[in-house]
Amino acid sequence: MSYCAKPLSWKDDPLSKPRDVRIKNPTTITSWTAVVVQTVESYGYSTDKLLAQAGIDKHLLADPDARIRVEDMRRLWSLAVQMTGDACFGLKAAAHIRPTTFHALGFALMVSSSMMDALERLQRFYRIVSDAIDIDLSPGDDTMTVYLDPTNEEARPSDEAFDMIVAAVVTFARILSPNGFAPLRVDLMRQAPIHPEAFENFFSSPVHFAAAHNRIFFPLRDMHAPLPDANAEIARGNDQIMVEYLARFDKSQVAHQVRAKLIELLPLGEPAVERLARSIGMSTRSLSRYLRKEEVSYREILNDVRRYLSIQYLQQRHLSIIDVAFRLGYSDSSNFTRAFKGWFGLSPAGYRKRGAMEKL
């Protein structure tokens, strides 16, 4: 199967990740703290003192919207490894990850249309889980490389945290794919542990330690194959939850607030920037000033939201092209078709036809 010259990819999307990736005070969602706690308890140890020593209030684990500082998480990982004496603790922790560990992102991943769709969704929304790790995708001739690097070397997560997230990505790929998607190779920035064979056994592939990046090499050939549990409507609903979460969590990024409000308003027609500004409690001038600081414009965000939602809506085959156009705030289907061709190099109908061919 050949694909259009302009692939349906978010790699060059100006809003796929924050402009300033050097996060000063990175945090992690509490569900990841719960994974560490559950893993330690699986060894038969109590964790109340462990959390106290790490400086983490155990009551926060019951709040799905709470965030834990990465420096506290580093202490928790270190104490967990000391207590269990297991240098492969991060791999063991990956076994305790559930879709809910990723907040709404986990559910959206489980119903993504393809492995490429899932990885691009992971890249786009991983900030919900942690803003300490930057995920990037790099397609090659026959491989898709997933980079998972620290956003700030001075406040980087522990080696075990990277072990867990790399293992979690591979585990999700295996669950999603009916063919058991396996990596071709795994690179880790950490030094080799005492028993490196445990890593190769887990990943069922060569593992290189002391690497320049944390990265996973997946075969490219099956990236666009339809997944059996795909559900575009459920995926889009969870995407919206994630956008709204980001708008609450990171109020310093006005772009997140604009994105969330656009998703709400677009079905009523394209909102003028003045109306959008009022809806988030700003003047037009203030909105423009904040967006300039974030090196993005209102028009860029509008196009970005429309690009993303267009694919999610078109995967819902009960929606006609004109229905999709109206939901994106266009007054007619011709303007939507023209915009879609500019984004992806084929018409909305052509995209749907291509998707049908891929299922044959």
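List of remarks:
- In the stretch 279-330, the residue that is nearest to A232 (Cα to Cα) out of those that are in a loop (DSSP other than H, G, I, E, B) and in contact with an Asp or Glu (Cβ under 8 Å, 6 or more places away or on another chain) is Q316.
- Conditions (1) surrounded by fewer than 20 Cβ atoms within 10 Å (Cβ to Cβ); (2) over 18 Å from Y43 (Cβ atoms); (3) of a type in the set (V, I, T); number of the one not met by V81: (2)
- Scope the stretch 211-234; condition among the polar types (S, T, N, Q) and either under 22 Å from M110 (Cα atoms) or in a helix (DSSP H, G or I) (or both); matching residues: N231
- Qualifying positions in the stretch 235-264 - in contact (Cβ under 8 Å) with a residue 60 or more places away in the chain and not in a helix (DSSP H, G or I): D250, Q253
- Meets criteria (touching a residue at least 24 places away in the same chain (Cβ under 8 Å) and within 21 Å of R275 (Cα to Cα)) for I301: yes
- Any chance F203 is of a type in the set (A, V, I, L, M, F, W, C) and either over 19 Å from L109 (Cβ atoms) or over 20 Å from the mean Cα position of the chain (by Cα) (or both): yes
- Against the numbered list (1) over 21 Å from the mean Cα position of the chain (by Cα); (2) in contact (Cβ under 8 Å) with a residue 60 or more places away in the chain, A272 comes up short only at (2).
- Condition met for T284 (touching a Ser or Thr at 6+ places or on another chain (Cβ under 7 Å) and of a type in the set (S, T, Y)): no
- Qualifying residues in the stretch 135-190 (those that are among the hydroxyl-bearing types (S, T, Y), touching a strand residue (DSSP E or B) at 6+ places or on another chain (Cβ under 6 Å) and not in a loop (DSSP other than H, G, I, E, B)) - the one surrounded by the fewest Cβ atoms within 10 Å (Cβ to Cβ): S138
- The test for being part of a loop (DSSP other than H, G, I, E, B) and surrounded by 15 or more Cβ atoms within 10 Å (Cβ to Cβ) does not hold for D72.
- Meets criteria (among the polar types (S, T, N, Q) and under 15 Å from the mean Cα position of the chain (by Cα)) for T33: no
- Filter pass, I133 being of a type in the set (A, V, I, L, M, F, W, C), over 20 Å from I311 (Cβ atoms) and under 15 Å from the mean Cα position of the chain (by Cα): yes
- Test result for A212, closer than 26 Å to D141 by Cβ, more than 17 Å from the chain's Cα centre (by Cα), assigned by TED's automatic domain parsing to the domain that holds F125 and not polar (S, T, N, Q): yes
Each row is one residue, and each column tells you yes or no for (1) of a type in the set (S, T, N, Q); (2) closer than 29 Å to E197 by Cα.
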site: L91; (1), (2): no, yes
site: A94; (1), (2): no, yes
site: D117; (1), (2): no, no
site: T143; (1), (2): yes, yes
site: N152; (1), (2): yes, no
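- Taking the stretch 96-112 as the range and being outside any helix (DSSP H, G or I), within 25 Å of S42 (Cα to Cα) and touching a residue at least 24 places away in the same chain (Cβ under 8 Å) as the test, the residues that pass are H96, I97, H103.
- Subset of the stretch 224-240 that is hydrophobic (A, V, I, L, M, F, W, C) and at pLDDT below 90 - its residue that is nearest to T101 (Cα to Cα): A232
- Among the residues here, V35 qualifies as closer than 28 Å to E120 by Cβ, at pLDDT 95 or above and not in a loop (DSSP other than H, G, I, E, B).
The values are calculated or read from the model by the stated rules, or taken from the named source; none is laboratory data. Small disclaimer: the values here were computed from a predicted structure and weren't measured. Backbone-built Cβ (ideal geometry, glycine too); neighbour counts: all protein chains shown.
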